[in-house]
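In what follows, a single structure is set out as structure tokens and then discussed.
The values are calculated or read from the model by the stated rules, or taken from the named source; none is laboratory data. Remember, it's a predicted structure, so these values are computed and weren't measured experimentally. Note: ideal-geometry Cβ built from the backbone for every residue, glycine included; neighbour counts use all protein chains shown. Areas reflect the complete protein model, heavy atoms only, side chains present, ligands, DNA and RNA absent. Shrake-Rupley method; radii C 1.70, N 1.55, O 1.52, S 1.80 Å.
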Amino acid sequence: MFTSLQQKWGVSTRQFWVLFLVFALTGTTTAYFTRYLTAWLGMDAQTFWLWKVLLRIGMLVFGYQFLLLGYGALLGQWAFFWKYERKLLQKLGILQKDVKSEKSKVKTEPQTPNAKRQTLSIAIFASGAGSNAEKIIQYLKDHPVIRVALIVCNKPEAGVLHIAAAAGIPTLLIEKERFFRGDSYLSELAAHEIRFIVLAGFLWKIPDALIKAYPDRIINIHPALLPKYGGKGMYGMRVHESVIAAKEKESGITIHYVNEHFDEGKPIFQTTCIIEPDDTPEKLAQKIHQLEHTYFPETVVSVLKKTFPEMI
Ligand code: GAR
């Protein structure tokens, strides 16, 4: 039950338990306040039942929600709870509907010259620390058209989930079985109106169904100069260890389109760095991350401009 709730919320295990704690603290404090208020107002067994019910409803509708936000903020979960409260306030007609979500309703319609200012929603797939995802999110923070609308992740413990939570970006935690045998979460991607996918440290092979649904609309970053040091099992530190073991004089990064073969899609961008004789895999990893952080965000934007010239 907990796992499916965690997946529904799209949060890491740690965040899930923090959220749980927020709900528990809020529930206990609301009950305590309600009892205190009942006594303070002089309500007892003789009080007309309707007044007591109204007090409880009032505490649930207002007190509970305020406390939820307060505890949420105290435990670093403001973004999660505000999103939840905002939806509630919008439903009650107290807050106006999001301009962004209104805009996104029309963005899958046929593109006309007026499409220039529509929102272009992209998803980042990442399963690690998420430093690349973070750089892309920062780079696109104030972009007038491109919006990182979803972070897709297959590891409940991944650091990228904290980055998404801090940025208030929805997350989707995926399961291997459904990703490879089912519909590859196409319906969830469609629900977020995702038009383009960026793989930033995502290690599972992309299923054919997803590649067919997003032809030339999925790109990946690889921490080496492909075609060398690519393919199944070649990711993260394993790549750097192999490069150092082979005594290469240089390494680099490759950004490429994703096709049905691991790391074999059409290259988009490559750049190199020198390997010093005393460089370790860790030192090389740092150099590579620096290159990735410098070039990946701008390459994402230039590919998007090429792919959606009528929008950007
Ligand atoms: C990045 O170096 C990326 O190139 C690599 O994973 C790292 C993720 O770092 N991707 C692969 O190895 C894919 N084969 P991050 O989580 O800090 O962005």
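So for 210, 88, what's the accessible-area order with a 1.4 Å probe, most first?
88, 210
Working from Cα positions, state the angle (0 to 90°, nearest 10) between the long axis of helix 13-40 and the longest principal axis of the chain.
Roughly 10 degrees between the two axes.
Explain nothing, just the number: relative contact order of the chain, from Cα pairs under 8 Å at least 6 residues apart, as a whole percent.
Reported relative contact order: 15 percent.
Once label points are set 7 Å from the Cα along Cα→Cβ at both residue 307 and residue 141, what is their separation, rounded to one decimal in nm?
Calculated label separation equals 2.4 nm.
What accessible surface, in Å², does a 1.4 Å probe find on residue 242, ignoring ligands, DNA and RNA and rounding to the nearest 10?
40 Å²
What percent do you get for the relative contact order of segment 145-288 when only Cα pairs under 8 Å and 6+ apart count?
Relative contact order, segment 145-288: 17 percent.
For segment 109-235, what is the largest minus smallest coordinate of the Cα atoms on each principal axis, given in angstrom and ordered from greatest to least?
Largest to smallest, the principal-axis extents are 45, 30, 30 Å.
Give, in whole angstrom and from largest to smallest, the semi-axes √(5λ) of the equivalent ellipsoid of the chain, with λ running over the eigenvalues of the Cα gyration tensor.
Three semi-axes, in Å: 45, 24, 16.
How much accessible area per residue does the chain have, in Å², with a 1.4 Å probe?
55 Å²
Sketch the reach of a paramagnetic label on residue 79 as a point 7 Å from Cα along Cα-to-Cβ, and name the residues of segment 147-183 whose backbone nitrogen lies under 16 Å away.
Only 147-153, 157-173 fall inside the zone, counting backbone N under 16 Å.
How far apart, in nanometres, would the label points at residue 249 and residue 183 be if each is projected 7 angstrom from Cα along the Cα-to-Cβ direction?
5.4 nm
Spin-label point model (7 Å from Cα, Cβ direction): what's the residue 61 to residue 46 distance in nm?
2.9 nm
In the chain, carbon and sulfur make up what percent of the accessible area (probe 1.4 Å)?
60 percent
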